[in-house]
Amino acid sequence: MGQSKPFNTHSILIVDDEAILRFDLADFFMDAGYHVYDAADADEAIAILEAHDSIRIVLTDVQMPGSMDGLKLAHYIRDRYPPTVLLVTSGMRKIELDEMPENSLFITKPFDPNRLLKHIEEIART
Amino acid sequence: MTVCCTIYVCYPAEDLILQNSATLDKALAWSIANRFSLSRQFAIVAVAVFVVGLVRGLFITELVPWLFFIPVIIASALLLSRDAGIFASVLATIVAGFTIGNSDHAFWMTGPQWAGSILFLLVVLGLAVLVGELRYTFTRNRGLTETNAETNILLGEREAFLASVLASSTDCIKVLDLDGRLTFMSEGGQKVMEVSDFNAISGCPWPIFWNGAGNVQAEAAVKAAREGRSSSFIARASTMGGTEKWWDVAVSPILGADSQPKQILSVSRDITASRYNEEQHRQLSRIVETTTDFVGMADLDGVVYFLNDAALNMVGLSRERLGGVHVTDFFPPDDASQVEKEVLPAVAEKGHWIGELSFRHFVTGQLIPVLYNVFPVTDTDGKLVGYGTVTRDFTERKNAEARQRLLNDELSHRLKNVLSVVQSVASQTLRQSQDLASANTALMSRLVALGEAASVLTANEWSSAGIRQLVRTVLGHHADIGDRIIIDGPELVLHPQAAMAFALALHELATNAAKYGALSNETGKVRLTWSAGEADDGNGPRLKLLWEEVGGPPVQPPSRRGFGSTMIERSLRAYFKGEAKLEYRAEGLRFEIDCPLEAAGSLES
């Protein structure tokens, strides 16, 4: 913290249809000083991204109801907002590397938010 | 005993007669065996007649002159021939006439002598002819006796042969009368039929020995034989020892001299063993034909010459198209080369190969996972003549394995998601608690509520949870349902995520009521009601749920909103995609949800 950053790393969008999880992660990142946006599905997420171009970190679940699952959303964001730090999470399965968008990270549920935070900050520093 | 004695007494007299006849017999037999030519016969006769004539002329002149010649004539006719007898008669008449006459008479002999001579000649001629006939008859009779003896020997041999054939044959050969009653059974037949005493069954109607349909067939065969026709049938009959056997039976009439059936011949052959083999073979064939396994055989070159119906069906071949198909044609290229290079040599060498491969459907080309099981086909000497296979379609098993994998993945997914929820609940509980002890208590009870929701969901394969069961399960811990907690609403099924959140929310509400609300005294009540009705806006039915506390101590809004209230309002709003409102009214706490029904679940179908 306090280091120079190429863009605003303090805004994060958390996309997960499991609200309890989403709220807890939101509380966690808020406590860590982030400005948190949350969405229950891809459509909500896209609307939030369009409204707030300051968001450069997206953490998304894979399995979600709606027109797009988390993986498709990740690809959409990679295309649409290339510099975004993409974190894809799922309890379902290992996502094959070629399924993932470039420069994105897959995290298996359940995960330790502290380690995730450390990781995000490492990426932000590079 | 008496019979024996009679024979014994009679025997010497008979013997004497036989001895006498035998002397004559021997002389006659000798004369027949040693025939002389006619001239020698005549010479012998002439000598004999002249000797007799000389003896008579020299010594016995006074007696009847012809009497001495009679034995010579009889002997000539009997021992030489009729012609010799006639010659002897004529010669004897002349010699006799010569010896009795003299030149004093104008015609050598007196008139009465002439008459006597002529009469003698006539009588002895007749005698010679008669004795000659006797000789001829004897000769013919002797020939007949010889032929008869020869015939008897032949017949004896033949009978012995037939008897040995009958005795040694394992066929059961029987003779029946025209009514079908047993009159004879061959020795070998008695053995195979396990007959210890033929007298016990002699005269019994033969068809009664046959069981079931055989009885009808036997009756028909007897009837046919009686009408002069032969027939045969195969049926079951038990031996006298009680062993049931299969018999191949031929029944034919035995014709008399008038070509009419006089008796009936029945020959039964025990075919139990071959019948059993046949039956066993038939059953084995049936197993091969009805099994759902792929059964096939190929020659040493790998050319398939047999496939059962299941095999043809499995790979989409027809019998017509089977000709020339090679073992490797059943596999995709990779497996085919493995079969050729590894499987078949292994079978020839080690006698067996089993492993998982894939067949290729001949029409669609689709791969069929199989457990390929190959064994050698050998001839009776144990020489390898081909390959056999009983191959199992593994499609179902592979599908089951895939389903199992999917199920495991799904289970793992659920488990991880539930752990994530637990992680969040724990994290929130710790975050909002003032001390570790209260955090501990709260976390424990929250995990129990989650567990209850999980068990309701698990009962429905994690697809939904009935709202009533969920309510009863979660609230049952806190107070008596129906007494302090009144429930009213239609049965609904909730989505898994909504069910988890709802269970947690109910748990929080009940815990709060027990601590501060209507369930904290002896009289307060909680009313939990819900309805699912059509909304005015036309966007589908809405779920309206109300938690209402009455009769509790006056309510005071909490100074700090903890996990409970946050959980209740915030998460239910998110999960149910509608309004969730918590009101701390003085007369009692009130919690209300108003959301589209489809966001929470659906009316029980």
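Computed values, structure above
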item	result
In the stretch A:52-74, the residues that are touching a strand residue (DSSP E or B) at 6+ places or on another chain (Cβ under 9 Å), free of Cβ contacts under 8 Å to residues at least 40 places away in the same chain and assigned to a helix (DSSP H, G or I)	A:71, A:74
Check on residue B:560, away from chain A (no Cβ under 14 Å) and in contact with a Cys (Cβ under 7 Å, 6 or more places away or on another chain)	no
Check on residue B:452, crowded, with 17+ Cβ neighbours inside 10 Å and away from chain A (no Cβ under 14 Å)	yes
Those helices (runs of 4 or more DSSP H) lying entirely in the stretch B:190-309 with at least 1 residues within 28 Å of the chain's Cα centre (by Cα)	B:213-226, B:272-290
Members of the stretch B:544-561 that are surrounded by 12 or more Cβ atoms within 10 Å (Cβ to Cβ) and assigned to a loop (DSSP other than H, G, I, E, B)	B:551, B:552, B:553, B:555, B:557, B:558, B:561
Qualifying residue in the stretch B:180-187 (condition: among the β-branched types (Val, Ile, Thr) and touching a strand residue (DSSP E or B) at 6+ places or on another chain (Cβ under 9 Å))	yes
Residue within the stretch B:483-506 that is away from chain A (no Cβ under 14 Å) and at pLDDT below 90 present	yes
The stretch B:566-601: number of residues that are under 22 Å from residue B:443 (Cβ atoms) and within 13 Å of chain A (Cβ to nearest Cβ)	9
Filtered residue count, the stretch B:312-327, keeping only those that are in contact (Cβ under 8 Å) with a residue 40 or more places away in the chain and outside any loop (DSSP other than H, G, I, E, B)	4
Qualifying residues in the stretch B:463-480 (those that are crowded, with 16+ Cβ neighbours inside 10 Å and in a loop (DSSP other than H, G, I, E, B)) - the one nearest to the chain's Cα centre (by Cα)	B:464
Residue match in the stretch B:35-50 (condition: assigned by TED's automatic domain parsing to the domain that holds residue B:138, modelled with pLDDT under 85, loosely packed, with under 12 Cβ neighbours inside 10 Å and of a type in the set (A, V, I, L, M))	no
Pick from the stretch B:408-444, criterion crowded, with 17+ Cβ neighbours inside 10 Å and away from chain A (no Cβ under 11 Å), ranking: farthest from the chain's Cα centre (by Cα)	B:433
Subset tally (residues that are outside any helix (DSSP H, G or I) and out of contact with any strand residue (DSSP E or B) (no Cβ under 8 Å at 6 or more places or on another chain)) for the stretch B:517-543	6
The stretch B:363-376, residues that are farther than 15 Å from residue B:398 by Cβ and crowded, with 16+ Cβ neighbours inside 10 Å	B:373, B:374, B:376
Filter result (without any contact (Cβ under 8 Å) to a residue 60 or more places away in the chain, among the hydroxyl-bearing types (Ser, Thr, Tyr) and farther than 19 Å from residue B:494 by Cβ) within the stretch B:434-460	B:438, B:441
Subset of the stretch B:106-123 that is assigned to a loop (DSSP other than H, G, I, E, B) and loosely packed, with under 14 Cβ neighbours inside 10 Å - its residue that is modelled with the lowest pLDDT	B:106
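Residue by residue, here is whether (1) in contact (Cβ under 8 Å) with a residue 60 or more places away in the chain; (2) more than 10 Å from every other protein chain (Cβ to nearest Cβ); (3) under 20 Å from residue B:427 (Cα atoms); (4) buried (at least 24 other Cβ atoms within 10 Å of the Cβ) holds:
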| site | (1), (2), (3), (4) |
| --- | --- |
| A:11 | no, yes, no, no |
| A:14 | no, yes, yes, yes |
| A:20 | no, no, yes, yes |
| A:28 | yes, no, yes, no |
| A:33 | no, yes, yes, no |
| A:41 | no, yes, no, no |
| A:44 | no, yes, no, no |
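One line per residue, one yes/no per condition, for (1) in a loop (DSSP other than H, G, I, E, B); (2) of a type outside the set (A, V, I, L, M); (3) closer than 30 Å to residue B:30 by Cα:
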residue: B:104; (1), (2), (3): yes, yes, no
residue: B:126; (1), (2), (3): no, yes, yes
residue: B:140; (1), (2), (3): no, yes, yes
residue: B:148; (1), (2), (3): no, yes, yes
residue: B:158; (1), (2), (3): no, yes, no
residue: B:170; (1), (2), (3): yes, yes, no
residue: B:182; (1), (2), (3): no, no, no
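Matching residues to (1) modelled with pLDDT of 90 or more; (2) away from chain B (no Cβ under 14 Å); (3) touching a helix residue (DSSP H, G or I) at 6+ places or on another chain (Cβ under 8 Å); (4) within 25 Å of residue A:32 (Cα to Cα):
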{"residue": "A:54", "(1), (2), (3), (4)": "no, yes, no, yes"}
{"residue": "A:59", "(1), (2), (3), (4)": "yes, no, yes, yes"}
{"residue": "A:65", "(1), (2), (3), (4)": "no, no, no, no"}
{"residue": "A:75", "(1), (2), (3), (4)": "yes, yes, no, no"}
{"residue": "A:91", "(1), (2), (3), (4)": "no, no, yes, yes"}
{"residue": "A:99", "(1), (2), (3), (4)": "no, yes, yes, no"}
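The values are calculated or read from the model by the stated rules, or taken from the named source; none is laboratory data. Please read all numbers here as calculations on a predicted model, not as lab measurements. We place every Cβ from the backbone using ideal geometry, glycine too, and count neighbours over all the protein chains shown.
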